[in-house]
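Read the structure below first, then the notes.
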Amino acid sequence: MFFPERIRLIKKKCRVLEIGPGNSPHPRSNVLLERTFNDEEALKQRGGTGKLKTSKKIIFYDGGRFPFEDYAFDYVICSHVIEHVDDVESFCSEMFRVAKCGYLEYPTLYYEYLYNFSVHTQLINFSSGELLYMPKAESGLREFQPVHAVFNRTLELGYSDLVDDLKNIMFQGFEWSAPFRVRRAKKIEELSTQDLADLKPQSKTSRLLRRIIQKFVY
């Protein structure tokens with residue numbers, strides 16, 4: 001999760017569901033919902049990170065309807081999961097069914113065009129109160145796989161500065177308190193709504209600190 005500070009609606013007595021927590025559940029989650037994967041599939045879905053170790057209650061399911069009653073929870077956290085699902089509209093309907101509000105976070109088009117991880121099957125964007133999605137298979141990204149292979153390798157080698165510096169356009173995260181519209185995008189332009197005016201020059205202090213760190217590390 002890149003924007004934990006955006007989670008503000010969880011009250012002291014809220015019962016919180018977290019969907020697909022990876023190996024690091026949110027500290028306020030009471031129940032964790034996980035897809036049933038074999039060990040190899042689970043490792044890919046977690047991006048190669050370690051196994052989930054927690055004392056929290058874990059519920060496994062095979063997809064489709066969540067195994068909970070209507071409004072069984074006060075809040076649902078779904079961070080870096082929705083880009084993996086096949087049926088975005090059904091998935092969102094289930095979130096709305098089991099919780100009154102929640103938090104949703106995912107990589108944007110810009111991140112996917114650089115790295116294009118195979119386990120991510122959807123391109124996602126939230127704009128003007130509407131969640132838009134497009135299956136990556138329809139985007140033409142596959143043609144640039146040699147480029148993605150290079151950028152994927154840079155992440156493996158620790159070159160994550162670009163992602164860290166530009167996380168506000170690489171990822172989206174927002175809290176919702178009512179169901180929002182969900183629609184399949186008709187063209188890629190609908191998923192590219194970043195205002196270039198939001199991009200600010202990196203400060204001289206940040207550049208200087210990076211040079212100092214690199215000098216001692218490398």
The stretch 63-79 residues that are more than 21 Å from THR36 (Cα to Cα), paired with ones that are assigned to a loop (DSSP other than H, G, I, E, B) and of a type in the set (Val, Ile, Thr) (beta carbon under 8 Å, 6 or more apart): ASP74/ILE10; TYR75/ILE10
Residues that are exposed (fewer than 14 other Cβ atoms within 10 Å of the Cβ) and among the aromatic types (Phe, Trp, Tyr), drawn from the stretch 149-173: TYR159
First in the stretch 158-178 and more than 24 Å from ILE10 (Cα to Cα), second anywhere and of a type outside the set (S, T, N, Q) and part of a strand (DSSP E or B), Cβ under 8 Å, 6 or more apart: MET170/PRO107
Pairs, first assigned to a helix (DSSP H, G or I) in the stretch 127-151, second of a type in the set (Asp, Glu) and crowded, with 18+ Cβ neighbours inside 10 Å, C-beta under 8 Å, six or more apart: LYS136/GLU112; LEU141/GLU112
Evaluation of GLY102 against (1) touching a helix residue (DSSP H, G or I) at 6+ places or on another chain (Cβ under 7 Å); (2) surrounded by fewer than 22 Cβ atoms within 10 Å (Cβ to Cβ) (one fails), failing number: (2)
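If the requirement is being within 26 Å of ARG6 (Cα to Cα) and charged (D, E, K, R), which of these qualifies: GLU143, GLU112, GLU69? Explain how you work it out, then say what you get.
Values: GLU143 fails: within 26 Å of ARG6 (Cα to Cα); GLU69 fails: within 26 Å of ARG6 (Cα to Cα).
Result: GLU112 is the single residue among GLU143, GLU112, GLU69 that is within 26 Å of ARG6 (Cα to Cα) and charged (D, E, K, R).
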Test: residue in the stretch 198-211 that is touching a Gly at 6+ places or on another chain (Cβ under 9 Å), over 29 Å from ARG8 (Cα atoms) and of a type in the set (A, V, I, L, M): no
Residue within the stretch 174-187 that is out of contact with any Asp or Glu (no Cβ under 6 Å at 6 or more places or on another chain) and at pLDDT below 95 present: yes
Candidate set from the stretch 1-53 (those that are more than 17 Å from the chain's Cα centre (by Cα) and acidic (Asp, Glu)); member that is modelled with the lowest pLDDT: GLU40
Among (1) in contact with a strand residue (DSSP E or B) (Cβ under 9 Å, 6 or more places away or on another chain); (2) among the charged types (D, E, K, R); (3) surrounded by 15 or more Cβ atoms within 10 Å (Cβ to Cβ), the one test that ARG97 misses: (1)
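The values are calculated or read from the model by the stated rules, or taken from the named source; none is laboratory data. Here the structure is a predicted model, which is why all the values come from computation and not from measurement. Neighbour counts are summed over all protein chains in view; Cβ atoms, including those assigned to glycine, are modelled from backbone coordinates with ideal geometry.
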